[in-house]
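The values are calculated or read from the model by the stated rules, or taken from the named source; none is laboratory data. Computed from a prediction, not measured in an experiment: that's the story for all the values here. Every residue, glycine as well, gets a Cβ built from its backbone with ideal geometry; the counts of neighbours run over all protein chains shown.
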Amino acid sequence: MLTSYGKLLDQMADAADKQSGTNLLDNGYTLSLAETALDVAESMVFDLNVVTSQRYEDFYGEIERFRDALRALACRAATLKTGEEVSRPGAPEGAEVSASALAEAIGRAHVLVAGAGMAACRGVASGPLFRISSDRDLASAPEGAVLLARDLTPEQEVVGVVRKASAILTESGEAAGEVAKLAREFRIPTIVAMGDAAAGLPAGGVVTVDADECVVYEGRIHELVDYYRLGRIGADEEPEYTFLRDVRQLLFTLTPVDSAEPCAERGRCVSLHDLCHLAHELAGEALAEQSEDRFNQRGIARPVATSAPYSVSVVILGEPSPSEDASGGRAPSADSTTLQPFLLGLESGSRAGRCQGGGGKQRSVMATVKDDHANIIVQRVAGFDMVDALASASPEYNHAYCRFSPQSGAPGQPGLRGDIAQAALRRLGFSVAGTPRSATGWIGNLQRAELQERLNVIGCLSACLDGMVKEVSGGAGIDRCVSTFLQQHA
């Protein structure tokens, strides 16, 4: 079920990239996306009912409601596609740039860089070149500038800077990186991994960036900028993009709710994501309850020694239980590719002075392990954290799902633990979602060693979050607190 939810988050990210306007779209992509998402949701609801003894059969009716809404959107999209050509408001009559005028202007232009780097977000823009050499430069970046940096990282709190830039150039980085995703979200033309070619660009001088062709021109090429601008005016009104936008809203919007009670949420599933998120939360809570009952039975689980203030018990599927195995069996933490890095992170976080937020109370860890797969539940004073991970030799099957309780137990701080967890997970490259009931993250397709590194940090984060809540409550901002944590433990 958690794998299914991860697939839904992957689809959500892919659809957001397609919506950015840098891709050619057809309605076939959007219909396929929607049908796959509905199939994933149906699978999740089936699993939920298996875990809860058919307690939520009414969720099937909710899926049919979303199918009916999708059919209505598809019919409207087909009407727009076959009807009159959609007008593009905003383009002044007679303002078009002819192909010959564009070719002549480009022929006269002085090329500063050509063919270096990769397009992270296509487009054309111009502005004064502003070089970023330190975090201090970020704060003084002017609006409308073409930003030039060795690289930009989420730790630098670049969202506000990216939003007001006209274009971005980086010497390193990759098209799949976090800043590249931000650029696509805000539709900022961006070229990454330009290497030494970017070093000679004149800071302060006006340049024109053609991210479609990975070319940087000296000065403002008015014809090129206008040609691209007029070509993109009204792109959001194209039928294919309108259909995708409407389907994304129907499927992937996560609607905030005021209550953490499931009965309050069941009637507020505005989107398919609302339904899937609620289903996986309910299944996780049922699993946590069942695991606690199972682990409390004598002779089922093996104890694991750890220096962290947790009692750790493990069930190894496919092996005799301790009551059946006179030899006592193997030490689970030494053999599990997923459990061991998490427990090491838990120990590391518990040793750090800033992470002692639990008042020294002993908490419990219950893990179920089979080969390279582990499901781990951390029972806390206020709620529980959960990790489900597979770290095999085949990256395409590898994943890590984590769920953090948003409540720290501290008075007057509802949801702050979840907010901090979400910020940390985003920095670690997870797809993230949050409600008053939980903060969740998903990541997949990683090499085993990379996934184990993430699991180590997740274990440390689980141990540290309550202490981080105290830091943020004492005046440290969430971004600053998370940056310090990652510098120390990631």
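Miscellaneous remarks
- Residue among Asp196, Asp135 that alone is out of contact with any helix residue (DSSP H, G or I) (no Cβ under 7 Å at 6 or more places or on another chain) and among the acidic types (Asp, Glu): Asp196
- When Ser323 is tested against the conditions (1) modelled with pLDDT under 90; (2) under 27 Å from Met468 (Cα atoms), the lone failure is (2).
- Any hit, segment 225-244, residues being modelled with pLDDT of 75 or more, in contact with a strand residue (DSSP E or B) (Cβ under 6 Å, 6 or more places away or on another chain) and not β-branched (Val, Ile, Thr): yes
Every residue, every condition in (1) surrounded by fewer than 24 Cβ atoms within 10 Å (Cβ to Cβ); (2) touching a residue at least 60 places away in the same chain (Cβ under 8 Å); (3) within 27 Å of Gly444 (Cα to Cα), yes or no:
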position: Arg163; (1), (2), (3): yes, no, no
position: Thr170; (1), (2), (3): no, no, yes
position: Ala175; (1), (2), (3): yes, no, yes
position: Leu182; (1), (2), (3): yes, no, yes
position: Arg187; (1), (2), (3): yes, yes, yes
position: Gly205; (1), (2), (3): yes, yes, no
position: Asp210; (1), (2), (3): no, yes, no
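- Residue match in segment 251-263 (condition: at pLDDT 85 or above, in the same structural domain as Ala13 (by TED's automatic domain parsing) and buried (at least 16 other Cβ atoms within 10 Å of the Cβ)): yes
- Pick from segment 434-474, criterion farther than 14 Å from His489 by Cα and among the β-branched types (Val, Ile, Thr), ranking: surrounded by the most Cβ atoms within 10 Å (Cβ to Cβ): Thr440
- Glu64 meets all of the listed conditions (1) modelled with pLDDT of 90 or more; (2) closer than 30 Å to Ala175 by Cα but one, namely (2).
- In summary, strands (runs of 3 or more DSSP E) completely within segment 115-161 and bearing 1 or more residues that are surrounded by fewer than 18 Cβ atoms within 10 Å (Cβ to Cβ) and aliphatic (A, V, I, L, M) occur at 118-121.
Residue-wise test of (1) modelled with pLDDT of 75 or more; (2) surrounded by 22 or more Cβ atoms within 10 Å (Cβ to Cβ); (3) not polar (S, T, N, Q).
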site: Gly360; (1), (2), (3): no, no, yes
site: Lys370; (1), (2), (3): yes, no, yes
site: Phe404; (1), (2), (3): yes, yes, yes
site: Ser431; (1), (2), (3): yes, no, no
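Residue-by-condition table, conditions (1) part of a helix (DSSP H, G or I); (2) touching a Cys at 6+ places or on another chain (Cβ under 7 Å); (3) at pLDDT 90 or above:
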site: Asp68; (1), (2), (3): yes, no, yes
site: Arg76; (1), (2), (3): yes, no, no
site: Glu84; (1), (2), (3): no, no, no
site: Glu93; (1), (2), (3): no, no, no
site: Glu96; (1), (2), (3): no, no, no
site: Ala103; (1), (2), (3): yes, no, no
site: Val113; (1), (2), (3): no, no, yes
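- Check on Gly173, farther than 26 Å from Ile478 by Cα, over 16 Å from the mean Cα position of the chain (by Cα), part of a loop (DSSP other than H, G, I, E, B) and not assigned by TED's automatic domain parsing to the domain that holds Ala15: no
- Residues being modelled with pLDDT under 80, farther than 20 Å from Ser405 by Cβ and touching a strand residue (DSSP E or B) at 6+ places or on another chain (Cβ under 9 Å) - total across segment 270-302: 4
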